[in-house]
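Take a look at the structure set out below.
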Amino acid sequence: MPPHTSTPKIEFVDVSYHVAGTQVLSGFNLQIANGETLVLLGRSGSGKTTTLKLINRLVSPTSGEIRVDGKPQQQIDVIRLRRGIGYVIQEVGLFPHFTVARNVGLVPKIEGWSEDRIQARVQELLQLVGLEGTLASRYPHQLSGGQRQRVGVARALAANPEILLMDEPFGALDPLTRDEVQREFLSLQQQLHKTVVFVTHDLHEALRLGSRIALMEAARLVTVLSPHEFLKSTDPWASAYVRAFGAGLEAAADRGTR
Amino acid sequence: MKVLRFMLQNQTQVRDLTLEHLWLVGVSTILAMLIGIPLGILIAHRTRLNKPVLASANIIQTIPGLALFGFLLPVPWLGARADRLAILALTLYALLPIIRNTYEGIRGVDPAVIEAGKGMGLTESQLLYQVELPLAVSVILSGVRVAVVISVGLATIAAAIGAGGLGEFIYRGLSMVDNRVILSGAIPAALLALLADFGVGWLERRLQPK
Amino acid sequence: MTRLRASLALLCCAALLSCAPSHADRIVVGSKNFTESFILGELIAQQVEAHTTLKVERRFYLAGTYICQQAMLAGRLDIYPEYTGTALTAILKQDAAGDKVAVYDRVKREYEQKFGLTLTPALGFNDTFAMEIRGEDARRLKIKTLSEAAQFTPHWRAGFGYEFMERPDGYRGLVATYGLKFAEQPRIMDLGLLARALKDHQIDFAGGNATDGLIPALDLVALEDDRHYFPPYEAVPVIRQETVNQHPELAGILAQLAGKISDAEMQQMNYAVDGKHRDASEVVHEFLKLKNLAQ
């Protein structure tokens with residue numbers, strides 16, 4: 001399915017990245033549309049996490065250009081760039097010495113929001129991610145894995161960024177909780193319409209959550225397909241994935257948005 | 001006890017020497033923190049520098065205390081005043097535990113936390129002051145604790161070169177062959193070390209991250 | 001929480017800074033770690049106590065000239081007894097030259113200029129090095145000075161303290177100045193044992209101090225330094241300028257001690273404490289009564 005907005009929200013133009021003698025990404029070209037959920041699918045070492053980190057400049061490309069809202073990254077102050085992008089990682093990385101409220105409210109705080117506005121926003125977000133408002137005064141170590149992950153998402157959404165980057169966010173959760181949070185993610189996306197770039201190695205998850213799947217292998221982009229197209233694809237890598245994941249994929253693809 | 005009676009009779013002197021001792025230890029520890037903590041932060045962030053910095057601090061530590069005092073005596077401005085010299089020597093000795101623990105404390109912060117912080121758009125200094133330092137403070141204090149306890153002991157030797165402090169009682173007592181005088185220096189010095197160890201240790205535990 | 005931490009830190013620093021050494025209400029008197037210095041320190045202390053309302057704190061037995069000097073500079077001591085010759089060579093690091101008045105004046109001037117310290121008038125005796133022989137030998141050979149004794153040295157064995165042997169203004173200079181030639185290499189012994197060894201005929205020539213208590217007690221004679229090889233070592237109270245400024249009466253009170261102690265009197269006090277094991281403060285008190293200085 002081709003993107004239907006004129007200027008891509010995020011664009012990779014011929015991007016390469018190599019470090020310590022390894023070519024991590026090579027000749028990468030991709031356009032990500034506003035409001036879509038783009039899944040980067042691939043094995044470990046395929047370059048998908050690096051691709052994600054190039055978007056919020058945690059990593060800088062060796063060559064090529066990355067554009068956000070049409071502007072080259074070089075022209076955007078990196079701190080402002082990052083403040084406008086929500087970032088969720090697998091280990092979550094909640095600040096252990098901050099309460100949930102302080103964790104979630106951190107970016108609004110450093111952006112200068114008033115105390116009242118921050119508190120209201122924290123409550124709003126906790127509700128949004130399906131958590132009790134009373135959790136606001138708890139510390140991360142007092143929460144379960146699933147709760148922590150949800151707080152991580154709430155934190156990423158706090159300053160209302162237009163872009164959300166998620167690096168295997170549900171990978172460490174047990175299957176039941178994972179299923180729950182995936183469902184919640186889908187409903188959240190329906191409400192918020194953020195541009196999401198989502199990294200995973202799990203085809204089920206990719207089919208379920210993504211509007212498009214970008215398959216990566218050995219530092220290269222292999223193909224970009226919608227979930228249904230992916231299942232029917234004759235591309236050797238795509239079909240290898242489908243075979244490896246076996247049953248239940250159709251159902252997963254059907255539950256995807258759009 | 002004879003010693004206690006002696007100490008009571010000479011309480012102003014015991015107090016004076018104890019304050020002198022605290023002054024030597026306090027100033028040098030604060031200086032070591034002012035130099036050592038920023039250095040520790042620097043090498044934690046730019047790990048290329050960590051070997052030379054830690055190695056230098058280590059070398060200083062291996063020089064025996066009295067020998068270091070001896071080396072510094074001929075130095076023009078320093079050697080003119082024994083307390084200046086003693087404070088410098090004590091500061092140098094306090095550097096290694098403080099630098100090393102600052103380094104370890106910051107390196108020991110969960111990398112996921114740092115990554116999340118960076119990704120959120122925290123500036124370097126926001127990351128340092130709001131995340132890294134608060135999470136490392138307990139380990140850093142542990143280094144300060146070691147430094148203070150070492151300093152209290154080393155400062156007793158400083159009296160040998162005329163810097164004053166509780167060591168003076170010890171040396172005078174040795175000259176006079178009077179145990180009461182010796183112990184009037186040795187006991188408060190030992191108590192100071194214990195107090196520092198306990199006090200800073202308590203602070204460490206209070207500030208430990210959850 | 002951070003405000004609590006910040007104020008705690010500030011409090012600690014304030015407390016620490018208040019530990020800076022200072023004492024406006026008392027006089028601290030020091031001394032070095034040998035009997036004579038200790039007696040002189042006690043003398044100064046009792047003199048101040050008797051004639052002022054100031055409290056005196058005693059910090060005696062400090063381990064040497066350098067320690068005392070440092071304590072004076074840092075303000076930990078107000079007064080201590082020093083020797084002009086030692087001040088000149090060990091502290092000012094200059095060559096010893098000139099008679100006792102010249103040396104006193106030079107030391108006083110330099111101390112005032114360089115260290116903010118000053119001297120009150122000398123106490124009277126000259127604790128220079130004393131080359132001692134047995135009384136019986138001195139009388140038999142009819143010798144009083146080192147020049148006269150020089151010719152007999154080839155028959156004598158000598159004993160000196162370690163420091164005297166090492167100092168450039170010690171043994172080497174002495175031998176050169178007077179042309180002394182001893183029968184064998186001198187024995188190095190503890191200063192306290194020299195007098196005994198001389199008495200017991202283990203040695204015939206000993207390098208001691210002029211005010212050794214044992215000189216009269218054991219019938220020993222100190223040979224006169226007729227060529228003035230040894231610099232003068234007049235005992236003087238050294239006092240901080242600041243202390244004099246704060247308590248101007250101290251200058252006059254210490255000046256009362258000027259010239260009050262002869263060589264013999266110092267010897268007697270040393271012997272009373274070292275030889276007869278009497279309490280130093282009692283010995284000093286008696287002395288002050290004798291000189292009509294006690295109250």
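Coordinate-derived values only; no laboratory data. Fair warning: this is a prediction, and the values are worked out from it, not measured in the lab. Here Cβ is always computed from backbone atoms with ideal geometry, including for glycine, and neighbour counts include all displayed protein chains.
Geometric descriptor of the range C:85-176, per residue, is 131 Å³ (volume of the convex hull of the Cα atoms). Computed over the range A:38-106, the percent of Cα pairs more than 16 Å apart is 59. Treating each Cα of chain C as an identical point scatterer and ignoring solvent, apply the Debye formula and state log10 I(q)/I(0) at q = 0.15 Å⁻¹. So the normalised log intensities work out to -1.16.
Taking a sphere under 11 Å around the Cβ of residue A:65 and counting the other residues whose Cβ falls inside, with K and R at +1 and D and E at -1, yields a net charge of 0.
The trypsin sites (Lys or Arg not before Pro) of the range C:101-163 that DSSP puts in a loop, and whose beta carbon has at most 12 other beta carbons within 10 Å, are C:142. Listed peptides B:175-185, A:39-49, A:71-81, B:157-167 appear in the order B:157-167, A:39-49, B:175-185, A:71-81 once ranked by packing, highest mean of other Cβ atoms within 10 Å at the front. Scanning residues 5 or more positions from residue A:37 or on other chains, those with amide H under 5 Å from its amide H are A:196, A:211, A:212, with H placed 1.01 Å from N in the peptide plane. In a reduced charge model with +1 at each Lys and Arg Cβ and -1 at each Asp and Glu Cβ, the protein assembly as shown shows a dipole moment near 1680 debye about its Cα centre.
The three principal axes of the Cα atoms in the range A:178-258 give end-to-end lengths of 36, 27, 21 Å, sorted in falling order.
Extending 7 Å from Cα along the Cβ direction at residue A:132 and again at residue C:163 yields two label points whose distance is 8.1 nm. The packing ranking of peptides C:279-289, A:219-229, highest mean first, is A:219-229, C:279-289, where packing means the average number of other beta carbon atoms within 10 angstrom of each residue.
Across the range A:95-237, the volume of the C-alpha convex hull divided among the residues equals 130 Å³ per residue. So what's the angle, to the nearest 10 degrees on a 0 to 90 scale, between helix A:175-192 and the longest Cα principal axis of chain A? The angle comes out near 90 degrees.
The convex hull drawn around the Cα atoms of chain A, when projected onto a plane and averaged over every direction, covers 14.0 nm². The rule of thumb for compact globular proteins, 2.2 N^0.38 Å, goes into the C-alpha radius of gyration of the range B:3-104 1.33 times.
Across peptide B:168-181, the mean count of Cβ atoms from other chains lying within 10 Å of each residue's own Cβ comes to 3. When the convex hull of its Cα atoms is viewed from all sides, the range A:1-137 shows a mean projected area of 10.8 nm². Using C-alpha pairs below 8 Å separated by at least 6 residues, the relative contact order for chain A is 25 percent. Distance between the 7 Å Cα→Cβ label points at residue C:94 and residue A:184: 8.7 nm.
Between residue A:174 and residue A:44, the contour length at 0.36 nm per residue exceeds the alpha carbon distance by 44.8 nm.
Could you work out how far helix A:145-157 tilts from the main Cα principal axis of chain A, as a 0 to 90 degree angle to the nearest 10? That helix lies at roughly 90 degrees to the long axis.
Label-to-label distance, residue B:126 versus residue A:29, with points set 7 angstrom from Cα along the beta-carbon direction: 3.7 nm. Based on Cα atoms of the range C:186-249, Rg over Rh with Rh as the Kirkwood radius reads 1.21. When a/c is below 1.5 the answer is rounded, else prolate if a/b is larger than b/c, else oblate, so apply that to the range A:89-139 with a ≥ b ≥ c taken from the square roots of the Cα gyration tensor eigenvalues. Oblate is the answer for the range A:89-139, as a/c is 1.5 or above yet b/c matches or exceeds a/b. Computing Rg and the Kirkwood Rh from the Cα coordinates of the protein assembly as shown gives a ratio, Rg/Rh, of 1.25. Annotation: Cα Rg of the range B:90-210 relative to the compact-globule expectation 2.2 N^0.38 Å equals 1.46. Between the residues C:118, B:54, C:70, the greatest Cα displacement towards the positive end of the dipole of the protein assembly as shown, with unit charges on the Cβ of Lys, Arg, Asp and Glu, is found for B:54.
Based only on the alpha carbon positions, what is the Kirkwood hydrodynamic radius of the range C:153-266, in angstrom? For the range C:153-266, inverting the mean 1/r across all distinct Cα pairs yields 16.6 Å. Over chain B, all Cα pairs binned in 10 Å intervals from 0 give whole-percent P(r) values of 9, 30, 29, 19, 10, 3, 1, listed from short to long. How far, in degrees from 0 to 90, does helix B:11-45 lean away from the longest principal axis of the Cα atoms of chain B, to the nearest 10? Compared with the principal axis, the helix lies near 20 degrees. Counting Cβ atoms of other protein chains within 10 Å of each Cβ in C:52-64 and taking the mean gives 4.
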